[in-house]
């Protein structure tokens, strides 16, 4: 059985893979990573307060794509912690992570970021 | 409703009835071509307006038509009783579809050949009537409500680079514009079609009350973005084309290791919503390294956090041209391609 730590690491790897493959347009890899992120995040988001807190630990991850995805997935239950992370990424150096962070904030501010399943 | 009508008193003297009409075969073929442009439309009325018999060369259209040195067989184009020939439809079609021979026809019409002048007069009247039919088609409820409504201008054989080709397309555009004004049409399809027919420059001259033709919106943000893409944009005034193949014919290859990239993608939905002229425009098509182009195209096929399960392409699909263009330039910026 997969442990929480292993799931967290799987989440990290998929977030990094999503960003790396995006740079070269390997969309099948990107989309597979997205599906995995959605699956794992569902476990953390819907698993109760303790698991939600575990996801929040990734807001301080060394890898920007990991912070991006953790902040996005935590918006629904911890916007006060997620939004500063997204804003910091959106103010960072040009790149895909900055792009995604900016667009997520734009959609959030417009109220058009659809709820996650 | 009849799709073609004519007055037999306006035909060349002695011309025989041909396939139930008194029109010259060239006019008949042009009318058929115009009808083909509005496929799916209820049969349009395209009238051949009266052209006086023995129309004088002075009434032929002005313009610097270049002598191609070709000898056209007018007995096969506009037979007289003396010629004892019947109209040759294949030969008429050949003249219409060959820009050089069509130029010769116009040159002859302006240099004293009365049969050429009469044929040109009828062709232009038919073109104007065809333009009006296109306007009515664009104004129809069907065209306003069905997403895939479009005019397939690639079926027109006329060249935009010859004086005669420009002249006949201008006549078609003039007919379209006049009818569009009469119908008080103010829609994008009309202006796009005008651009496709005669190019941006001439369409701007013809257009009086239709919306601006500029293919790129001009809000403040867009103006900044236009400046940003200057380094990857085709220099010079905006040029618009009816298809990407026409774009490439005019502007050539993007260059070694380079590819043409649409900022607003040429998806079927975008083509039907915005028209080909807006997409295949030098304001929207830029040069990118092939690898960067693949990366960006792949990005449009990817699912992001902000698209919530959709690909970027699907997410953009319902957005305006301006929103898609702004997003496309932002992506270029975030890929480090433009400042």
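Below is a table of values for the structure above.
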read-out	value
Segment residue A:13-residue A:50, length gained on full extension (0.36 nm per residue, minus Cα span)	11.2 nm
Net lengthening on full extension, residue A:23/residue A:88 (0.36 nm per residue, minus Cα-Cα)	21.3 nm
Fully extended contour minus Cα-Cα distance, from residue A:5 to residue A:77, at 0.36 nm per residue	23.8 nm
Residue order, fewest to most surrounding Cβ atoms within 10 angstrom, among A:100, B:283, B:289	B:289, B:283, A:100
Order of B:327, A:11 under a 10 Å beta carbon neighbour criterion, fewest first	B:327, A:11
Whole-number D in µm²/s for the stretch A:4-109 (Stokes-Einstein; Kirkwood sum over Cα pairs; 20 °C, 1.002 mPa s)	157
In nm, spacing of pseudo-spin labels at residue B:178 and residue A:43 (7 Å Cα→C-beta vector)	7.4
Listed residues A:46, A:12, A:67, most fluctuating in chain A (Gaussian network, C-alpha, under 10 Å)	A:46
Fewest-first sequence of B:260, B:118 by Cβ atoms within 10 Å of each Cβ	B:260, B:118
Separation in nanometres of the label points that stand 7 Å from Cα toward Cβ, at residue B:294 and residue B:320	3.7
Mean Cα-pair separation over length for the stretch B:220-334, i.e. relative contact order, pairs under 8 Å, 6 or more apart, %	30
Residue A:31/residue B:249 FRET efficiency (R0 35 Å; Cβ-Cβ; nearest 0.05)	0.45
Chain A, relative contact order in percent, only Cα pairs under 8 angstrom and at least six apart counted	18
Distance histogram for the stretch A:50-101 (every C-alpha pair counted, 10 angstrom bins, percent rounded to whole numbers)	30, 57, 13, 1
Label zone at residue A:114 (point 7 Å along Cα-to-Cβ), backbone N below 15 Å, the stretch A:12-54	A:35, A:38
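Here, each number is a calculation from the coordinates, and none is a lab measurement. Quick caveat: nothing in here was measured; it's all calculated off a predicted structure. Positions of Cβ are backbone-derived with ideal geometry, glycine not excepted, and every protein chain shown enters the neighbour counts.
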